[in-house]
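Below you'll find the structure, written out as structure tokens, and then a few comments.
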Amino acid sequence: MNSTSASRRRRLRGPGAACLALSCSVVLGAAAPAHAFSGENHEKITRAALGAAGWHPNSLTAMANGSSGAIVANDHGQYFDIGKLHCDNADYLDPRYDGHYPRTRGQADAEIIDCIDSSVHNFKRAVAAADRLVDANGHVVAAQTSMSPACTWNDQPGRAKCEVLEDLGRGWHQIEDFYAHSNWADRAGPGAIGVKNPPGLGRTDLPAFFSISRYSSMSKADWIKDATGHIPHDLATGCYPDRDHSGTASNCAGRVTHDGVLNKDTKDSPRSVIDHNFDRAYDLAVKDIARQWRNFEDELQRKYPNNGRAKAMICAITHDHPDKTCS
């Protein structure tokens, strides 16, 4: 990984002409450098997954905008340098490939678990916040679902819809990043396998360890045991000099790195151009966000079964004027 931040991280690219009135007003502050998928690609992934699920334009833009949407909130401010919010630092290379490796499989697993835990945490928060979208009789609460003024993704209490969108966006961001950061879907380049060319798993399925909805109802010890059992031996995400599971900045010397090795931030990164690796990562990220949204809908139905409340909640999240269009 290059030692200078300018070369390590690309700038977010805004949506240009696609920017809608609401998206331009969502407050996050100045654009920050991208971490893994560029902001443009986070936007495309999220729009592809949720647009097909019937989200209305302004609600979708509030979630998916590549410079100021909830999906990129983890790329701003203090969250940018927290590795678990980007599924970083789960690097590992079996000694059979390149001799001694400075990290164990157990250490790599701990970083994956930390990443999953951050998504589980935000999923639970989103489910709890959804309770305020509608009243006890299943009627949408206008004051809690209004999108004016625009939501501010500051991790503080606010209108229920803003909280739900923020918690979902913060929980999904690292799932999208996982595919850009890891060797789950990709393939190695030609030549010997090693620190500069780690193995690719070439998987086309969605990881069982991202069962965020199911894990949210399990004890932490139980879901960690389940998730760990689904982590492949050769799975790795790149080392990045942000804060790892221990809370300290990662020292990436001698390790499989994010920059220049595993990342598929954009279509032209070294790993992206090998055997359509960017497309492999992108396509699975779209499928996983679609899965996460379906599972969230199902969890609302399970949690709030009375008086049509769950159906009204889902409508309130996805519709632009739910007080008028959701009954």
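The values are calculated or read from the model by the stated rules, or taken from the named source; none is laboratory data. The model shown is predicted, which means the values in this text are computed figures rather than measured ones. Glycine gets a Cβ as well: all are built from the backbone with ideal geometry, and neighbour counts include every protein chain shown.
A few points about this structure:
- Ser182 being surrounded by fewer than 24 Cβ atoms within 10 Å (Cβ to Cβ), of a type in the set (S, T, N, Q) and touching a residue at least 40 places away in the same chain (Cβ under 8 Å): no
- Among residues of the stretch 256-274, those that are surrounded by fewer than 22 Cβ atoms within 10 Å (Cβ to Cβ) and either among the basic types (Lys, Arg) or within 28 Å of Gly51 (Cβ to Cβ) (or both), counted: 6
- Helices (runs of 4 or more DSSP H) wholly inside the stretch 1-79 containing at least 1 residues that are out of contact with any strand residue (DSSP E or B) (no Cβ under 8 Å at 6 or more places or on another chain), among the polar types (S, T, N, Q) and modelled with pLDDT of 50 or more: 39-51, 57-64
- For the stretch 93-108, a residue qualifies if it is part of a helix (DSSP H, G or I) and surrounded by 20 or more Cβ atoms within 10 Å (Cβ to Cβ), and exactly one does: Ala108.
- Filter pass, Ala128 being part of a helix (DSSP H, G or I), out of contact with any Phe, Trp or Tyr (no Cβ under 9 Å at 6 or more places or on another chain) and free of Cβ contacts under 8 Å to residues at least 24 places away in the same chain: yes
- Residue check for Ala290: surrounded by 23 or more Cβ atoms within 10 Å (Cβ to Cβ) and part of a helix (DSSP H, G or I): no
- Checking Pro190 against (1) within 22 Å of Tyr101 (Cα to Cα); (2) in contact (Cβ under 8 Å) with a residue 24 or more places away in the chain; (3) surrounded by fewer than 22 Cβ atoms within 10 Å (Cβ to Cβ), the condition it does not meet: (2)
- Set Asp279, Asp244: member being crowded, with 16+ Cβ neighbours inside 10 Å and either at negative phi or under 19 Å from the mean Cα position of the chain (by Cα) (or both): Asp244
- Looking only at the stretch 74-92, and only at residues there that are surrounded by 24 or more Cβ atoms within 10 Å (Cβ to Cβ) and hydrophobic (A, V, I, L, M, F, W, C), the one that is nearest to Val261 (Cα to Cα): Ala90
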